[in-house]
Every structure is written in C-alpha cells, then in structure tokens.
1. Please report how far the C-alpha centroid of the range 87-142 lies from that of the range 201-215, rounded to the nearest whole angstrom.
2. Rg and Dmax of the range 123-184, using alpha carbons, in Å: what are they?
3. Determine the sum of side-chain charges near Leu66: Lys and Arg each +1, Asp and Glu each -1, restricted to other residues whose C-beta is under 12 angstrom from that of Leu66.
4. Need the full-extension length gain, Ser82 to Ala166, defined as separation in residues times 0.36 nm minus the C-alpha distance. One decimal, nm.
5. Amide H to amide H under 5 Å from Gly225: which residues, 5+ apart in sequence or cross-chain, H placed 1.01 Å off N in plane?
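Read-outs throughout are calculated quantities, based only on the coordinates presented, and are distinct from any laboratory measurement. What you see is a predicted model, and the numbers here were worked out from it, not measured in a lab. Here the Cβ positions follow ideal geometry from the backbone for every residue, glycine too, while neighbour counts run over all protein chains shown.
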Amino acid sequence: MADQEPRPTGRVIAHEDASGAGQLRELRRIGYQGDDVAEEEPLPEPEFADVTAALEELETTVAAVLAEDRAQCVEALAQLRSMFPSVYTLVAEQLGAAADTIAEGIAARLEGLRALVDERVAPHAEVPAKLEAERDLERRQGEKVLEIAKQVRELVAVEDWTGDAAEGYRRAALVQAGALEELAGVEDSSANALDHSALLNRAAFFYTSEAISFTATRVRALPLGDTSRLFQRSRGIESQLAVLAGKLSHELDSIADGDTAKGLATELDSLLGMPSVLLPTGWPTGGDSADLPPAPTAGAIPRLS
C-alpha cells in the first residue's frame with residue numbers, strides 16, 4: 001500500500017478555454033470524491049481558508065513523521081547501547097546532529113512555502129467575494145435597465161396620436177430604448193468579466209490547496225526505513241516540499257499568465273470600448289436632436305444608484 005500513488009482529494013477545478021477568448025468555464029467537480037458522494041451534491045467554492053487549512057495539515061503531518069522518525073532513532077540507540085555501549089555516545093551524537101540538520105532543512109522549506117502563499121495567494125483572500133458582490137450588483141442593474149427599455153418601447157405606440165410631433169416622439173423613444181438596451185449589455189458584460197475574475201482567483205485557491213494536500217498525502221505514504229536507514233522518511237519530506245514549491249510557483253504563474261487571464265484582459269478592453277451612446281455627455285437628449293444618436297464623446301459609463 002505504501003508504494004501506491006496517492007489519489008488527489010480534488011473537489012472542483014476551473015477549466016480554461018483553449019482559444020484564449022477569456023471564457024473561464026463554470027467550476028466543475030472532478031471524480032475523486034468516492035462512490036458514496038452523489039454527483040449532484042453541491043460543494044462549496046474554493047476559499048483562501050482552504051489554503052490555510054491545507055498548509056496547517058501539511059505542517060502537522062510533517063511534524064508527526066519527524067516525531068516518528070526520532071522515536072525510531074531513540075529505540076535503535078537503546079538497542080545499540082545495550083549491545084555496544086562503547087560506541088553509543090559517538091553514534092548518538094552523529095545521529096542527533098543529522099536529525100537536527102534534516103529538521104532545519106525541512107523548517108526552511110516550510111517557511112519558504114508559507115512565504116510563497118503569503119506573497120502570491122493571501123493578498124487575494126477577500127477578492128472573489130468582493131468581485132462576486134459587484135457582479136450581482138451589475139446584473140441587477142442590467143435587469144432594471146432592460147425593464148425600463150421595455151417600458152419605453154411599449155410607450156412608443158400612443159393611440160390616436162399622429163402627425164410630425166408624434167413621429168418625432170416615436171423616433172426619440174426608439175433611440176432612448178436602444179441606448180438603454182446597450183447600457184444593459186454593458187452591465188451584462190461587466191458582470192461576466194467580474195465573474196471570470198472571481199473564478200480566476202478561486203482557481204488559484206483550488207490549485208494551491210490541492211497541491212499542498214496532495215503533498216501531505218504523499219508525506220504520510222512515505223515508507224518507514226529500518227534501523228539501517230534511519231530518518232529515511234524525514235529526508236524524503238524535504239524532497240517532497242521542494243517539488244511542491246516548484247510546482248506551486250509554476251501553476252500560479254500559469255493561472256496569472258495563461259490563456260484565461262489574457263482572454264479576460266481582452267474582454268475588459270472590449271468592455272471599455274463600448275458605444276459612446278453610453279457615456280454621460282453622449283446620452284440622447286431632448287429638443288430637435290432627441291431622435292439622433294449622439295456623436296462620440298469621452299467619459300465614464302453611467303451607473304444606476
């Protein structure tokens with residue numbers, strides 16, 4: 001059993017659009033949950049707390065393995081003392097020094113791993129929730145704007161009103177309705193961009209927590225050496241931590257610089273280039289020009305209070 005490859009404990013994963021169009025698909029589960037878990041069972045979205053919990057689990061696992069190796073060493077020294085008391089002191093000092101060196105190396109690896117998490121992941125701890133709250137606000141606003149546009153179009157057909165004034169009103173109302181629908185489109189595009197940004201951050205939480213948890217599983221699976229190979233597992237821990245740090249750094253770079261992030265940047269650029277009719281000084285006005293779309297202007301997209 002100790003030689004079998006541990007299975008990941010994955011719960012959800014973010015899939016990227018290979019075309020780089022910036023469409024980060026819905027977080028989906030992957031099949032390592034066991035036969036007793038229904039496929040439709042809802043699971044919580046990845047949070048930074050998952051990363052913290054995984055790191056604490058890894059540190060606890062490492063400490064337990066080090067303690068077991070030290071206990072094995074103490075037992076081996078007790079047998080050595082009873083059989084070869086003349087060499088006991090020398091061997092005990094050598095093994096003690098080796099154990100301290102290994103422990104210091106592992107502590108340095110763990111400190112580096114925590115520093116990596118603090119620098120690359122922790123600053124984003126609250127970002128997804130804030131982005132999702134703003135996303136929901138944008139969608140609600142878009143729904144309000146669409147409802148207003150619908151009402152404006154319904155008011156175009158005024159019964160028993162004909163003539164130039166009536167025709168001018170209808171043309172102006174249609175311009176206003178079109179502008180409102182374009183504004184609703186901006187709100188929807190903004191909501192999608194915010195959603196993709198939140199998912200990108202949650203993907204970082206997922207990959208980080210899963211990589212750390214997987215390493216903890218591998219550390220627990222390290223085989224216990226016999227008395228001729230004391231601290232075999234402890235030496236293996238440092239190697240596992242080095243692999244984890246390298247893989248984690250690479251995966252975080254991939255999330256930040258991959259096709260999904262580039263696609264999101266393109267999406268935001270497109271959003272900023274929305275029609276000028278949505279800009280404050282370009283919104284359709286009244287009077288003789290009420291039925292004419294405005295000329296391009298500069299400004300910010302209006303927001304509903």
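1. 11
2. Values for the range 123-184 (Cα only, Rg and Dmax): 18.1, 63 Å.
3. Its environment carries a net charge of -3.
4. Details: separation 84, 0.36 × 84 = 30.24 nm, distance 11.07 nm.
Answer, rounded to one decimal: 19.2 nm.
5. Amide H neighbours of Gly225: Gln232, Arg233.
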